[in-house]
Amino acid sequence: MKDFEAMFTRYFGRVYRFTLRLTGSEDAAEELTQQTFFNALKGIDGFEGRSDPVTWLCSIAKHEFLSGKRRDREDLYAPDAPVFDSSVPGIDTGFARSQEALRLHRHLHAMDEPYREVFMLRVFGELKYDQIAALFGKSASWARVTYYRAKLQLQEEMEAEDGKQK
């Protein structure tokens, strides 16, 4: 237990900054960081020390964050989900942007791994290539190439979809 307390003290700030970049919200980052350490405490016996503890903790945070995003998306389609309110001024502009974002996410979620995850970590998580590489146990060059290929694939698919719509 003392080892876990030392890990918590040593890495809390780094994990918090990582989750803050993922969530963009101090409150959400604090909650995600706490959940990360709670999950780490439950799984501490499974940590074999083959990676840096902060990499392990950030991997837990990333998986918890992505799980939360999936839960949120599923809640969007729940029967009691809020209905689009057309009475809000300027909502049409926001709706058009959200439609484009939905289109991007639709293509992104159809993408194979690891391209999808690397793209999401780079764009939405705003992680550096070396951070992404550490999460996968690969090199920073691998992360760059994988991100580049994912981006090209998304661009090609969206351009092809645009061509079909015309």
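Below is a table of values for the structure above.
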item	result
Search result, residues across segment 108-147 that are of a type in the set (S, T, N, Q) and either surrounded by fewer than 20 Cβ atoms within 10 Å (Cβ to Cβ) or out of contact with any Phe, Trp or Tyr (no Cβ under 7 Å at 6 or more places or on another chain) (or both)	Gln131, Ser139, Ser141
Count of residues meeting criterion [in a helix (DSSP H, G or I) and small (Gly, Ala, Ser)] in segment 38-59	3
Conditions (1) modelled with pLDDT of 80 or more; (2) surrounded by 13 or more Cβ atoms within 10 Å (Cβ to Cβ); number of the one not met by Ile91	(1)
Selection count where residues are touching a residue at least 40 places away in the same chain (Cβ under 8 Å) and farther than 24 Å from Glu117 by Cβ, scope segment 11-48	1
Enumeration of residues in segment 103-127 that are modelled with pLDDT of 85 or more and not in a helix (DSSP H, G or I)	Met111, Asp112, Glu113, Pro114
Meets criteria (at pLDDT below 80, more than 15 Å from the chain's Cα centre (by Cα) and part of a helix (DSSP H, G or I)) for Leu152	no
Members of segment 18-37 found to be of a type outside the set (S, T, N, Q) and either outside any helix (DSSP H, G or I) or exposed (fewer than 12 other Cβ atoms within 10 Å of the Cβ) (or both), listed by number	Gly24, Glu26, Asp27
Residue within segment 7-29 that is out of contact with any Asp or Glu (no Cβ under 9 Å at 6 or more places or on another chain), among the basic types (Lys, Arg) and at pLDDT below 85 present	no
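The values are calculated or read from the model by the stated rules, or taken from the named source; none is laboratory data. Note that this is a predicted model, so its numbers are computed, not measured. With ideal geometry, Cβ positions are generated from the backbone for all residues, glycine too; neighbour counts draw on all protein chains shown.
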